[in-house]
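Student: What follows is a single structure, and I will ask about it in a moment.
The values are calculated or read from the model by the stated rules, or taken from the named source; none is laboratory data. Quick caveat, the model's predicted, so the values are computed rather than measured. Positions of Cβ are backbone-derived with ideal geometry, glycine not excepted, and every protein chain shown enters the neighbour counts.
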Amino acid sequence: MFNGSARFTVACKRCALRLAVDRIRDAEAAAMADHLRTRHPWLCLPDSAALGEVFEHFRVMPMDPDDAPPEAA
Ligand SMILES: [Zn+2]
């Protein structure tokens, strides 16, 4: 789905959701907003929510290529 080009992890601040993305496009922003509406409906995110309103509920972290467990023996 993300064909190995993901460079960021988008993490929901309110649950364990993680999305791996290479950049945030309309599709990713829509998926994030959709997540908030379906899983956290009490946030009352408006249909016309600005990107900033959606991002407010997520953390964006650079994906660490060295994230694998160090003890590979
Ligand atoms: Zn969530």
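Student: Looking only at the stretch 8-45, how many residues end up being of a type in the set (Gly, Ala, Ser), touching a Phe, Trp or Tyr at 6+ places or on another chain (Cβ under 7 Å) and either free of Cβ contacts under 8 Å to residues at least 24 places away in the same chain or within 10 Å of the ligand (Cβ to nearest atom) (or both)?
Tutor: Taking the stretch 8-45 and keeping what is of a type in the set (Gly, Ala, Ser), we get 11, 16, 20, 27, 29-31, 33.
Next cut, touching a Phe, Trp or Tyr at 6+ places or on another chain (Cβ under 7 Å) only: 11, 20.
If we keep only those that are either free of Cβ contacts under 8 Å to residues at least 24 places away in the same chain or within 10 Å of the ligand (Cβ to nearest atom) (or both) as well, we get 11.
Matching residues across the stretch 8-45 total 1.
Student: While we're looking at this one, here's another question. Quick one: how many residues across the stretch 15-48 are surrounded by 14 or more Cβ atoms within 10 Å (Cβ to Cβ) and outside any helix (DSSP H, G or I)?
Tutor: 8
Student: Could you check MET63 against (1) surrounded by 12 or more Cβ atoms within 10 Å (Cβ to Cβ); (2) modelled with pLDDT of 95 or more; (3) in contact with a Lys or Arg (Cβ under 9 Å, 6 or more places away or on another chain) and say which number it fails?
Tutor: Of the numbered conditions (1) surrounded by 12 or more Cβ atoms within 10 Å (Cβ to Cβ); (2) modelled with pLDDT of 95 or more; (3) in contact with a Lys or Arg (Cβ under 9 Å, 6 or more places away or on another chain), the odd one out for MET63 is (2).
Student: Would you be able to tell me the number of residues in the stretch 1-14 that are small (Gly, Ala, Ser) and in a strand (DSSP E or B)?
Tutor: Keep residues of the stretch 1-14 that are small (Gly, Ala, Ser), which gives 4-6, 11.
Going one step further and asking which of them are in a strand (DSSP E or B), we end up with 11.
Within the stretch 1-14, residues that are small (Gly, Ala, Ser) and in a strand (DSSP E or B) number 1.
Student: So SER5 clears everything in (1) of a type in the set (Ser, Thr, Tyr); (2) modelled with pLDDT under 90; (3) within 15 Å of the ligand (Cβ to nearest atom) except one condition, right? Which one?
Tutor: With respect to (1) of a type in the set (Ser, Thr, Tyr); (2) modelled with pLDDT under 90; (3) within 15 Å of the ligand (Cβ to nearest atom), SER5 is out only on (3).
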